[in-house]
Every structure is written in C-alpha cells, then in structure tokens.
1. Towards the positive end of the charge dipole of the protein assembly as shown, with charges on Cβ (+1 Lys, Arg; -1 Asp, Glu), say which of C:Gly278, B:Leu7, A:Thr305 has the farthest Cα.
2. Among B:77-89, C:207-219, how do they line up by average Cβ neighbours within 10 Å per residue, starting with the highest?
3. Distances from C:Pro302 to the same position in the other copies: list them in nm, one decimal, shortest first, using label points 7 Å from Cα along Cα→Cβ.
4. Report, as an integer, the average count of C-beta atoms from other chains found within 10 Å of each Cβ along A:253-259.
5. Report, in debye and to the nearest 20, how large the dipole of the protein assembly as shown comes out about its Cα centre when Lys and Arg carry +1 and Asp and Glu carry -1 on their Cβ.
6. Just counting partner chain Cβ atoms within 10 Å, what average do the residues of peptide A:156-163 show around their Cβ?
7. Placing a label point 7 Å from Cα toward Cβ, how far apart in nm is C:Tyr49 from its equivalents in the other copies, listed shortest first to one decimal?
8. Given a cut-off of 22 Å, name the pairs among A:Lys195/B:Lys50; A:Lys114/B:Lys101; A:Lys174/A:Lys228; B:Lys48/B:Lys304; B:Lys114/C:Lys114 whose C-alpha atoms lie farther apart than that in the structure shown.
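No lab work stands behind these numbers, since they all come straight from the coordinates. The structure presented is a predicted model; accordingly, all values stated were derived computationally and were not measured. Here the Cβ is made from the backbone with ideal geometry for all residues, glycine too, and neighbour counts use every protein chain on show.
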Amino acid sequence: MQVSFTLAEISAITLPARTVGATTEPIRGIASLGTAQPGDITFLGNNKYKASVPATQASVVLLPPDYVGTPGPNQVHLIVENPSAALSRLCSRIEQALWPKPKAGVHPSAVVAKGARIAPSATIGPLCVVEDGASVGERTYLQSGVFVGRGSFVGEDCWLMAGVVVSAECTVGKRVRLHPGVVIGADGFGYELAKGRHEKVPQVGTVVLGDDVEVGANSTIDRSRFEKTAVGEGTKIDNLVQIGHNVVIGSHCLLCGQVGIAGSTTLGDYVVVGGQCGVAGHLNVGSGAMIAAHSGVKDDIPAKTTVWGSPSLPLLLEQKLTILRNRLPELFKRVGELEKKAGKG
Amino acid sequence: MQVSFTLAEISAITLPARTVGATTEPIRGIASLGTAQPGDITFLGNNKYKASVPATQASVVLLPPDYVGTPGPNQVHLIVENPSAALSRLCSRIEQALWPKPKAGVHPSAVVAKGARIAPSATIGPLCVVEDGASVGERTYLQSGVFVGRGSFVGEDCWLMAGVVVSAECTVGKRVRLHPGVVIGADGFGYELAKGRHEKVPQVGTVVLGDDVEVGANSTIDRSRFEKTAVGEGTKIDNLVQIGHNVVIGSHCLLCGQVGIAGSTTLGDYVVVGGQCGVAGHLNVGSGAMIAAHSGVKDDIPAKTTVWGSPSLPLLLEQKLTILRNRLPELFKRVGELEKKAGKG
Amino acid sequence: MQVSFTLAEISAITLPARTVGATTEPIRGIASLGTAQPGDITFLGNNKYKASVPATQASVVLLPPDYVGTPGPNQVHLIVENPSAALSRLCSRIEQALWPKPKAGVHPSAVVAKGARIAPSATIGPLCVVEDGASVGERTYLQSGVFVGRGSFVGEDCWLMAGVVVSAECTVGKRVRLHPGVVIGADGFGYELAKGRHEKVPQVGTVVLGDDVEVGANSTIDRSRFEKTAVGEGTKIDNLVQIGHNVVIGSHCLLCGQVGIAGSTTLGDYVVVGGQCGVAGHLNVGSGAMIAAHSGVKDDIPAKTTVWGSPSLPLLLEQKLTILRNRLPELFKRVGELEKKAGKG
C-alpha cells in the first residue's frame, strides 16, 4: 500500500509540542529506529533504545519531552507527550486507508435468504451466505465468503472477515471483529459411550459474543450443550484458540494464540492466558488471574493469582521448583557424598 | 431459536414413571439447576448436585427414582429412569428443530462439475464446489462453501458444514459429520534436504474416514505420502486437531481439542487422547490407551495404559514424580541439614 | 485415483541398474513392504527393514545395490542407486496425474475486481475473490474459494488451495504453496490497556512470504504492527501453525504442526522447530538451531544449538534432568536412609 504524508499532515495527527529540524521527504513508511530509511517515520517508545536515535535514518522521529539530542541532516524531531500513542494515532489514520469503509449493500454474488434482515448501511461482500432469520446490523461488514447461519444475530459495526462462519442461532455483539476463518458455533464435543459406541450428546445451545470482542484467525468457539458458551465484553482472543462448549469467559480478558479452554470452565474478568496454555474443563479461573505461556491448568485458580507450569502452580513456587530441578545433578552428587561419608562412619 | 414444549409434549419425550406437581409455563429453554428460570426444564444428572434441586427456579425438573423431595409452586418433578438420557432425548428433538433437514437438490450458486455424481436426495448448498469425478451420497448435506475435490467420495447421510475442504481422491464414510473449516487431504509434511534446500516429497496417498466419524472445526487430516491416512469407524475428533500423513487411527477413539498426531503413528481402538497432547511420529499407541491432557508422547504406549506428562510416563509414576518435584524445596533442606550434621561429625 | 504403470514405464522413471525377475501385473499402487499386494510397487528405504523384503507381496520392489536376494514368483526386483529417491521420482509422476495442470483463465463464478491484474496463464478457480489492485502471477492457480485482498501480490507458479485467505497488501513470492484454510495477514494481536479497556493497536504492516515457501492447512501468519512479518525463501510450515506479528523467519526453516511463534521473534536460517513448540515473543533463535517437539522456549537460542523442554534447556542437560527427575523416588529414599543413620549417630 502506498501511503504518503507531508510533515504538516504528520504534525496535525501527532500534535508535537515542539518541532526540531526540517526534511524534504514525504513520509511513506513506519519503521523501528534501527531499520528506518529516509522517508520513514520512527519513534522512541522505550527509553532503553535512546542510544539508537542519533543513528536512525528515519526522516521523522517521534520523541518524548525528556529526550536530549538534535536531528541529523534532512531529519525532523517531533517532541510529543507519548511517542507510542502518537504513533498509534498515525497508524489509525493509515488503517483507514488500508481498510477503507466499504460501500453499503449486498454484493450480487452473495446468497441472502429472503427472511434475513440486513441493515441498510451493512455491507454483504461477494459470495457471502446469510440464511433465513439471520440479522446483520448497521454498518456491519461481511467481507467475503462469510457464512451467517439461520437465526443468528450479528450486531452493529462488526467486521467479519473472509471465510468466517457463524453457525445457526448464535449472537454477536456490537463492534466485534472476527478474523478470517473463525468458526463460531460448531458443536461442542460431547458423547456418551453406549454399547461400545460414542453416542452424540446433542449440542443445542448457542454462543454469545459480547460487544467489542475480537477473535483471531481460525479460532473456534463451540456452541453449548444447552444454555450458552459466552465471551464477555471487550475480551480479545488471538489465533487458533479453542473455546469448548459451555465455557463462560468474562469481560476484558486476553487469550493468546493456540490457547485451549475445555468445556464448562469459567473465566472471570481481566484474565490473561498466555500462548498455548490449556485449561481443563469444569474449572473456575478468578478475575485478574494470569496464566503464563505453555501452562497446563487442572485446578481452579483464585482471583489475581499468577500460575505457571504443567500442571500449573503459583508462579513463584513454579519458578523455585524449576530452579531446583536444574540443580538435581548437584543434589544427587551431594547425596552421594553424604553416603560415602556415612558408609565410612 | 424459539422452542416451546407443553408439559404433555415433554412427558411424551421423557417418559416419566411419575409426575409430581403442576405448571402453567410452556417450556422454552433448558438450563442447569442453578441458572434455570421459570419456563426452563432442568435435570439432576449427578447426585452431588441434589441439594440444588429445592431452590431451582425451573418449571420442570427431571429427577431420578431415588430423589426425595417435593416440587415448588408452579413446578413439576418428572421422575425418570435416567435424567441425563431423558434430557438427551429432548435435546435430540430440539436438534431437529435447530437443524431441520434441508431440501434435496443443488443450489443454483453451487459449482458442480458435469462428471460429479450427486445422489438425488443429497443437498448441495450455496457456493459449494464439487469437482469432476467426485461423488456425494444419498441424503448427504454440503452446507455452504464446501469444496469436494476431484475423484473424492463422500458417503451417505454425511453433513459437511460451511467451508469444509475435502481435497482430491479422499474417501469419507457414512454418517460422517465434518464441522466448519475442516481440511481433509492437504499434503503431508515431507521434505528431503538436498543441496541446502528442502525438496518436497510428493504426497500422493489419500485420506479415508470410516463411518460415523466426526471431526471438529478447523481440524486438519493430511493425505499420506502413499497408501492412506485413516480414521476408523466411530472415532470422534475435536477442534483444531492435526493428524499427520500416514497416521492410522482405530475405531471409537476420542481425540480432544488441539491434539497433534505426527506422521505414521498408529492408534488402536478406543484410545482417548486429552486436549493439547502431542504424539510423536512412527509410534504405536495400543487399544484402550489413555493419554492425559497436555502430554507429550515420544514412546510407544501399550494397550490399556494411561500415561501423563511430557515426556509422558505411566500415570501413577508421573503423579508420584509430580508430588516429589513439589517436595524439592524440602529435600534440598533435608540434604543441607544432613551436610551440617556430617560436617560436625 | 486410478494410476497404472507398465514395468517398462516404471523402469523409464526409476532407471534401474539391474532388473531381476518378471511380472505380468500392471502397477496400480504404492505400498510399504509389509502391506503391499500384487499390483503394488514397494521399496527398501532403510536397511533395517531388509528382512521384510522376501515376504512382500509387491509385484515390483525397488532395492539398493547391496541388497542380496531373489524375487518371488511374478515379482521384479529393480536395483537402483537410491530406492527412496527413485520412488520419489515415481511419486512426482503420480502427483502430476493427481494434480493435473488446470486450464488458464478466470472461472465465471469468480469475482475479480476490474483493477486486479491476473496474468494470462494464471487460473482463478470457482468462487475466488480477487480485490482491486491485487496481482496474480503467471501460471499461479487459485483453486477454489480463495480470497486475495486489495493490493496484495501473489507471484508466479503459486498454488493457493481451497479457502485460502491472503488479506490486503500482503506479498507472496514465487512457487509458494498455501494449503486449504491458510490465513495470511490477519491482524497481529496488540492492545493497550486504557481506562480498563483493551484499546486496539492498529496493525498496518504486512506479511511477506519468500519464494518456495509452503504453508500447511489452517495455519495463520499475522500482519505486523508496522514493517512486515516475514518468512524467508524455502521455509516450510506445517498445519495449524501460528506466526505472530513482526516475526521474522529466515530461509529454509522447518516448522512442524501446531507450532506457535509469538510476536517480534526472529528465527535465523535452517531452524527446525518440532511439533507443538511455543516460542515466546521478542526472542532470537540462531541459524541452525533445533527445538525438540513440545518445548516451550522463553530465552534466546544460540545458533546450531538444540534445546528441549518447558522451559527449554540445552538438549543434553534436559535429557539428564529428565532422567534424574525419574530417579526422585530413589533419591528421597536415599535421603531418608541417611537421616535414619544420622539420627542413630
């Protein structure tokens, strides 16, 4: 994508308290201090990288008020309150260029049932399918090849990207972003062994995603046996995450990539789950709990507790045990020496 | 979805031995004892929740013969042989409403090759693609955006949900359910390093799924190098599971979410693999073996053996080692004290 | 798929130094020594299976020059320099039959924007979407239901299989193979907590895949915050792998199934990552490093180092610690006996 900003435009977005230096370069890219080239804007987001500022090739550098230094030739220093936030404002502007608002309406190649309700300002992209009784809210964008099953409800200002599947009778809140390949509402994994065969336990519940939820590419959230699988307002879920049936996740949680939450487990609010963690079924994870990456959780976690390991333990204990395990060779040696002494004795 | 059952309809489905009490509420939902509201049916599936029955707000409660207690006002107790099974019968009825049988025929937006064989009672949903030489059996339902590649065979009474991909020359048995985003028959992961480059080893085998197999959303089962990757009759696979090339899985196994089975490994019958387990390649896992969640398996597992851990060990041993690891701080202290004594001695 | 080769055709492909015996069977399948039937070709790829050669039912057996033995009745031994390589040449021939070159052109059901550039020799399969400003190179094949977003570039001789998503402004090199369900360019997972809510950090970077990259089914590679997420030339990625934003992967790496690489981590060249490994963010993994399966990496790895475990350690150390952990019951017993002795003393 070609973006191009003049220094004046950059200044209008980043609102510098002070501008030092001058450049003739239009700004066409963003880069980190070390990799930036002329024509790029960069920023000092963390004072530990301060030493990299003088050598940066960027044409514009966003710097905090306490930075001391002068720009190079054909380079501008913009002194801003918070360089990282200023950059995010610029990125938001670029995001609007990267993802321009699509025109409202239903693409002629989409298959929309007569009984579906499509808000006038919604965009139904090419080759989407919206089944009977489904509802798509105002300004919501179904990008391409999206499937919204019978009776499902998708709220306002959502963005369902290419290939997303929302199965029948599910509910998606407002301002929800579902990345490509997300599957909402596949059957929960439930069987009863009868006469040597796994008989399917019907999964007739639903999935409810709160407002401002975001779900990463190819993640899956299963419908419940009955009642609902729920994800609370503002919770963000990364790629390839599996949420089992009847799981209830609170508000403002973060679930990193490849996490798995087994059936009927409950997470409170503001829970953070590191990448590749597995949480067993029927557990309670208290609000504010944190689970370090790659952990396997098989017990409840109290609120505001950080755990690590497999099976997970309170963080400090697991760190101590990890260190002691690394000292096993020494311990075996010490015990051997004690035995030698004792043998002599 | 709106469901509504009268008490008479509920009774006709759940076949109570005894009915106690009366209600004027139509039944519109199913809920657990603690969350049920008037208008809901609930059940006592496990006697440990017995104490929650008197306080439930449900209008109808399915209870086992040995339950002692009386219904509240406007509440009915239905005494049934097996409350959980009775509820499942009700759920099956709801399932039929949730997933009504689609009309037979090919949606006009589907792209079906002339050389494909579609059974007259099959349903090919919108925007599906069936390539040349592929075959779709009687009463099978391709929901939406399903791809069935050249020469593949899909049996009778299957359900391939939105976005499923069955690559060329694969075989799907009868009554198979593939959830959204499942990929059957992508290339196995095989390369040979030659002159510093990974040269692709062609993967020209196939995938064969037995009857009554179910595969969860976004799971992937790779085609073999040659011969076949096989999943036996009645085996159930959860979401985001990866089955490598030339893997052979027996009948009636359960593979939970995010499991990975590396290439050429063989599982017997009735194997249960817990969530997020990884099984290395070229191994044999005996029939009836169980692998506890989050385990990493790098050795063969004898039949009827339960293992746990990474690398996995027999369950009781791993449990013992886990406990002893937790006692390492104590052990280090004890050894330190012995050394003090020995030093004195 | 029906393949059929005469012995003369097999010989022309495998170029045997010597042919022993004769068969009247046309060759219709490939199988391993133990499972081959008449009509199959098999091979001795590893001398440890030498004892299985005399009993094989295969009609044709590829054997190395040093093999001593005679064919059975109606069986042929083909003595070749490298039986595995000879078989691969045969498989390549079968692969061409399995995946015949599609006809160039745009399927009438595809939705191609006017501003998209489709090379004349490219094939755009049914129900694909190519957005404005996107570019598809010569001889590249978009199989079915593929999405190529606005401004993306797909090079020559690529194969994007059913349901692949290449989001806007991404770059795919030459001879790249993306298996079904791959998602390139979903947003990276970045938020900043502000007033109790996770505010999205815009992800306006891109993804760049080098030449000869292969990505397995349902894997996901996120776009960067800015700059690019990059996968180097010749790197091969298995199924259900997650590559976070701003990750930079070198050339000729192998990433096995269900691996996760968290944001901003860098891998050198020829790195091998075993199945289900997780690598934390902002790390450096040196060229030639190997990470054994199921490991959790939270520290940098020097070049040419092999690590294992969670948290991972150098392989030999982790192997030693694993053995010593297994000896904990013995150690506790030995310490107990020392204490008994010391108590007596």
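1. Sorting the options by dipole projection puts first A:Thr305.
2. Final packing ranking: C:207-219, B:77-89.
3. 4.3, 4.3
4. The mean count of partner-chain Cβ atoms within 10 Å per residue comes to 6.
5. Computed about the Cα centre, the dipole is about 2200 debye.
6. On the way: counts 0, 0, 0, 0, 0, 8, 14, 13.
Average per residue, whole number: 4.
7. Reported distances to equivalent positions: 5.1, 5.2 nm.
8. Going by Cα-Cα distance, A:Lys195/B:Lys50; B:Lys48/B:Lys304; B:Lys114/C:Lys114 fall outside the 22 Å limit.
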